Amino acid sequence: MTDREGETIVALASAPGGAARAIVRLAGDQVAACLASCFRPAADRTLDDVTEPEVIPGEIDLDEVAAPLPCELYFWPDRRSYTRSPLAEIHTLGSPPLAEALLQTLCRCGARLAEPGEFTLRAFLAGRLDLTQAEAVLGVIDARADTQLEAALAQLAGGLSRPLDQLRTQLLELLAHLEAGLDFAEEDIEFVAREELLDALAAADRQIADLIEQMRSSGHVPASGRVALVGLPNVGKSSLFNALAAASHALVSAEAGTTRDYLTAEVEYDGGRYQLIDTAGVESTDEGAHVATAAQQARAAQQQAAEVVLLCLDGTRDLLPAEVELLAASERAWTIVVQTKADRMGESSREPRPAGANQGEPQLHADVFTSSHSGAGLEELRRAIAAKLSDAAPATEVVASTAARCRESLQRAADAVEAARQLVESGGGEELVAVELRAALDELGCVTGAVYTDDILDRIFSRFCIGK
Ligand SMILES: Nc1nc2c(ncn2[C@@H]2O[C@H](COP(=O)(O)OP(=O)(O)OP(=O)(O)O)[C@@H](O)[C@H]2O)c(=O)[nH]1
Ligand SMILES: [Mg+2]
């Protein structure tokens, strides 16, 4: 991932799809040369004259588009950019075909399409960010709850980097003193007193313990977020909505396609509260009915914005092909599969059973069986929702992926510091203490990225989206 650093890269940096504005980002030594062949500044000047970061209005001549594209060019000509190389952002009309044409034009002018996370990878390799901050960029993008966003922003601002840097500096100084002492071992000069060494190791131990504590999830999190009911028409979504919200807000009828708009209700559970959303039944929109299409769009939007999706399947009939597709497309991390109408399941000669049981028959795949009429399974469903919401927003003070990656390194650093302390106490040789300190420093280096391998970088940056 790191061997094409010199090249100029380009990608759409704003969200894909139609919007008022689109942003295309370019980085690399040849940014100015690349823009020189297609960008025309409004005023009479060239990019070579730009020495300070600047916004320059102008136009871009696109390949295969007759009219020039008006835009503002945000240009960082030197190392003061995110990637510490010349960098430009083209802010322009948010039309997907125009953005595509712009990317193609810039590629023809010498840039190549960026890989996922390549801008942030360059920022890391140039020393602009450490690894915990690079992961925080991803944490900001992925945040699904306010607590996660706050943790990611704090980490991006150096919340982890600062204490880690401090700790590494202290340990490095200690190591330098010890190694200087080793050089003069014959001459009986003490570079660091035993008491001082013990104090410094105890302090390092406390700081690492604090960092490990920050990486831990702080247990119970009250439910919060959005929970969307999704499923084919008539499977009993609105009935379940009314049952969970303990109200009769949603219209229920035996006719398919009752719910057109989406409905929301605040539901309280176990000290938390979440927004429950009833949506229109999933159907194909190719019949062209306007209301149905709008309802489908609203459903898709609600489903995407939800922390938890309740995928409802009708317990009185077998799975339909569309439901098999929905199940296959569902993201298990935030989907609860609900089998509805459990009170009538006997009628179709099917008993509630967990997925995988009764080989040979279509599988039910359900996590929870409910009946909105008898109330069966509702409490279990409420608990499952609260658990999923808590998974979606674990209350760690750091980005979850950083916590998962760094916990072991920090523990090994703590073990090495403890081993060093024991050696000092038992009068062990300073060489051996130095070996333990070096081991601790290496482990801390893995956390910040001062020590890294291509494999670690690949694992972190391949999770990014293109353009970041
Ligand atoms: N026996 C039984 N019938 C149910 C249950 N839940 C819903 N129904 C019936 O199933 C039919 C459809 O229920 P709705 O709640 O309107 O279903 P929906 O998924 O919201 O339907 P659309 O809005 O059309 O997509 C109605 O006749 C309900 O009375 C249940 O738990 N048990
Ligand atoms: Mg409905």
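Coordinate-derived values only; no laboratory data. All figures in this text were calculated on a predicted structure; none of them were measured in a lab. Cβ coordinates were reconstructed from backbone atoms using ideal geometry, including for glycine residues, and neighbour counts include every protein chain displayed.
Summary table
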quantity: Sites matching chymotrypsin sites (Phe, Trp or Tyr not before Pro) across region 1-84 that sit in DSSP coil, with at most 16 neighbouring C-beta atoms within 10 Å; calculated: none
quantity: Contour minus Cα-Cα distance for GLU266 and ALA203 (0.36 nm per residue); calculated: 17.9 nm
quantity: Kyte-Doolittle at least -0.5, axis length at least 24 Å by Cα - qualifying DSSP helices, the chain; calculated: 161-183, 194-215, 400-425, 430-448
quantity: Theoretical ellipticity at 222 nm over the chain - DSSP helices of four or more residues, -39500 (n - 2.57) apiece, nearest 500; calculated: -13500 deg cm²/dmol
quantity: Set of lysines with alpha-carbon distance to LYS237 below 21 Å, sequence-local pairs under 8 removed; calculated: LYS341, LYS388
quantity: Modelled FRET efficiency - R0 45 Å, ALA67 with LEU149, Cβ distances, 0.05 increments; calculated: 0.70
quantity: Fraction of alpha-carbon pairs over 43 Å apart in the chain - percent; calculated: 38
quantity: Contact order normalised by residue count of the chain, Cα under 8 Å, 6+ apart, percent; calculated: 17
quantity: Sites GLU100 and GLU425, calculated FRET efficiency, Cβ-Cβ separation with R0 56 Å, nearest 0.05; calculated: 0.25
quantity: Nonlocal amide H pairs with GLY231, under 5 Å, H built at 1.01 Å; calculated: VAL282, CYS312
quantity: Residues CYS446, CYS34, sorted so that the one with the fewest Cβ neighbours within 10 Å comes first; calculated: CYS446, CYS34
quantity: Karplus-derived 3J(HN,Hα), 6.51/-1.76/1.60, for each residue of region 309-317, Hz, glycine and proline x; calculated: 10, 9, 8, 9, 10, 7, x, 8, 9
quantity: Nearest-0.05 FRET efficiency for ARG21 and VAL451, computed from C-beta distance (R0 60 Å); calculated: 0.90
quantity: In sequence order, calculated HN-Hα J values of region 18-30 (Karplus, 6.51, -1.76, 1.60; Hz; x Gly/Pro); calculated: x, 6, 5, 10, 10, 10, 10, 10, 10, 9, x, 5, 9
quantity: Virtual paramagnetic centre 7 Å along Cα→Cβ of LEU93, amide N under 20 Å, in region 21-42; calculated: 21-25, 38-42
quantity: Rounded to 5, the percent of DSSP beta bridges in the chain classed as antiparallel; calculated: 65
quantity: GluC sites (Glu not before Pro) within region 38-92, DSSP loop, no more than 11 other Cβ atoms inside 10 Å; calculated: GLU64
